[in-house]
Amino acid sequence: MGCLEGVRERCPAGAADKAAFQTGEHDWAEGVRQALAELAAEGVHLSEQGEVVCGAAPPVPWAWEDGSAPVEKAQRLLTRALEAKRREELLDRSRTREDRARLRSAAGTGAGAWLQAAPSSAEETLEDADFCAAARLRLGQNVCPPGLRCSNQNSRLRPGATCAKPLDQGGVHALTCKAGGAIMRRHHALVRLLARLLQAAGYHVSEEVWEPRWDRPKLDRRGNQKFDAEGNPQWVRARLDLRLMAPPEEPLVYGDVVVSHPGAPSHARAAAETDGATARKAALKKVGRYPPEEVPNARLVPLAVETGGRWDPDALDFLKKAAGRAAQRHQGLSSLEGGGATAVFATWLRQLACTLQRANVAALRGAAAAGARTEASALRAAGERGSEAAEEEEEEEKDENDWLLEQIEELLAGAKAAAGA
Ligand SMILES: [Zn+2]
């Protein structure tokens, strides 16, 4: 529709005029009519001027008038309207708050970028089992075996102690459990990757930096500053994940990464209602903790992302601009103008999404690992065997006890059977 007039100019008279579209017998005309009818049945229409209208049909619909102004990006806009409508329907159909929170968290710029990654670099490579587990998470299928307790080590309790909280099958506990270090590793993996990416954008990057101007007095219950045994005042140190310097435009930026799970009980209500509520809340908390007026020459960028992959808009804005800087620094890319920045940004989003999902799956596996192991060692203890045979079997059991892998096999077998039926 963007080049309809051009087509009409180049075609013999009448070949692509209004009548050809509306009553012509060509396959393409039939195809166009059918597509518009299907869209109309879904409540997506084109107005007389070619604007996408959702809901009731416009009083005067699009009619392929001769001499009508070109309509740009009609296909993209129609597809978007249809997808938005289907998404709303899916949200309406979702029975639980957690389901709606998951659907919202799995959408937004870059959230599903790991699905488009080709394994061309280590960052963009997901092992088969990790990919399947991440897909299960995205689809809201069970990701933890039934009846297990969390096997994350909780050394704060006592050395060797495990967290032992019940593991829900949806993975909420596994994705939020602070014992065992998986949550910390997920955070660090993103920080490390961001440090590398932002270096490519020309920033001088330091990780784990202390900004004393944002230190806070450590308070007791009555709100008075605490003192140590020697009578020194105690402070909560302001440690930020990234310090980024690119003078003159960006003299000093602090980046602080935060990953939060919208399915957690404390977030699910708001997350079910609003796209990105969990990341927003985390970002605002960072801004509250590091008020700009206390460090006037710097700015803080909260790099907040949800486990489903949705980024907070502030983080996206910052990353997009930084990707533009990275593109400009690269000869081949800067010649592409806007295209170069878009390509870099898309790559960054894929790498970040893969890293996040890999770390999510690692958290699932870690929390459920010992549960499976315990069963295996119980089985081993029941039979008496030579040590070599036992070792061999342990290897086998390790595979057999990969619950996610089993579930995936079952799923694939089910799909195959359904396809054959
Ligand atoms: Zn736990």
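FYI, it's all coordinate maths here, none of it is from the lab. Everything numeric in this text was worked out from a predicted model, so none of it was measured. All Cβ positions, even for glycine, are placed from backbone atoms using ideal geometry, and neighbour counts span all protein chains on display.
Stretch Arg237-Arg196 to full length: gain in nm at 0.36 nm per residue minus the Cα-Cα span? Mind showing how you got there, number by number?
Details: separation 41, 0.36 × 41 = 14.76 nm, distance 2.50 nm.
Full extension from Arg237 to Arg196 adds 12.3 nm.
Test of understanding: extend the Cα→C-beta vector of Glu72 to 7 Å, then name every residue of segment 1-39 with backbone N under 14 Å from that spot. Residues 1-3 fall inside that zone.
Can you tell me the 0 to 90 degree angle between the C-alpha axis of helix 74-93 and the longest principal axis of the chain, rounded to 10? For 74-93 against the chain, the angle is about 50 degrees. Using C-alpha pairs below 8 Å separated by at least 6 residues, the relative contact order for the chain is 17 percent.
The protection proxy used here, the mean number of other Cβ atoms lying within 10 Å of each residue, ranks peptides 204-215, 188-199, 251-262 as follows, highest first: 251-262, 188-199, 204-215.
By DSSP, what percent of the beta bridges with both residues in the chain are antiparallel, rounded to the nearest 5? The antiparallel proportion sits near 70 percent.
Mean separation of Cα pairs under 8 Å and 6+ residues apart, divided by the residue count of segment 4-70: what relative contact order is that in percent? Before the final figure, lay out each step's value.
On the way: 67 pairs, mean separation 20.0, N = 67.
After rounding, I find 30 percent.
Compute the angle between helix 128-139 and the longest alpha-carbon principal axis of the chain, please, reported from 0 to 90 degrees and rounded to the nearest 10. Tilt of helix 128-139: around 70 degrees. Applying a 4.7 Å Cβ-Cβ cutoff to the chain leaves Cys3, Cys11, Cys54, Cys132, Cys144, Cys177, Cys354 as cysteine residues with no disulfide-compatible partner. All alpha carbon pair distances within segment 152-260 were sorted into 10 Å bins beginning at 0; the resulting P(r) in whole percents reads 12, 26, 29, 26, 7, 0.
Counting only helical runs of four or more DSSP H residues, what would the 222 nm mean residue ellipticity of the chain come to if each run contributes -39,500 (n - 2.57) and the total is spread over all its residues? If you can, show how the numbers build up before the last one.
Working: 15 runs with 210 residues, N = 421.
Mean residue ellipticity at 222 nm (helix-derived): -16000 deg cm²/dmol.
Taken along the Cα-to-beta-carbon direction at a fixed 7 Å, the label points for Arg158 and Val7 span 7.7 nm.
Each residue in Leu336, Leu319 was given a count of other beta-carbon atoms within 10 angstrom of its own, and listing them fewest first yields Leu336, Leu319. For segment 4-70, a simple Cβ point-charge model (Lys and Arg +1, Asp and Glu -1, everything else neutral) yields a dipole of about 40 debye relative to the Cα centre.
How far apart, in nm, are the 7 Å Cα→Cβ label points at Ala84 and Lys18? Rounded to a tenth, the inter-label distance reads 2.9 nm.
Please give the peptides 47-58, 237-248, 97-108 ranked by average Cβ packing (other Cβ atoms within 10 Å per residue), highest first, as a rough proxy for protection.
On the way: 47-58: 13.7, 237-248: 16.2, 97-108: 21.8.
My ranking of the peptides, most packed first, is 97-108, 237-248, 47-58.
Starting from the Cα of Thr342, move 7 Å in the Cα-to-Cβ direction to define the label point; list residues of segment 55-81 whose amide nitrogen is under 19 Å from there. Under cut-off, by backbone N: 71-81. P(r) tail for segment 4-70: Cα pairs beyond 20 Å make up 30% of the total.
With angles folded into 0 to 90 degrees, how steeply does helix 403-420 sit against the dominant principal axis of the chain? Use alpha carbons for both and round to 10. Tilt of helix 403-420: around 30 degrees. Once the chain from Ala270 to Glu208 is taken as fully extended at 0.36 nm per residue, the excess over their C-alpha distance is 19.2 nm.
Just flag the GluC sites (Glu not before Pro) in segment 113-202 sitting in loop per DSSP whose Cβ has no more than 12 other Cβ atoms within 10 Å. Mind dumping the intermediate values first?
Numbers: sites: Glu123, Glu124, Glu127; in loops: Glu123, Glu124, Glu127.
Those satisfying the criteria are Glu127.
Normalised radius of gyration (Cα atoms, divided by 2.2 N^0.38 Å) for the chain: 1.25. Per-peptide packing, taken as the mean over residues of other Cβ atoms within 10 Å, places 264-276, 339-351 in the sequence 339-351, 264-276 from highest down.
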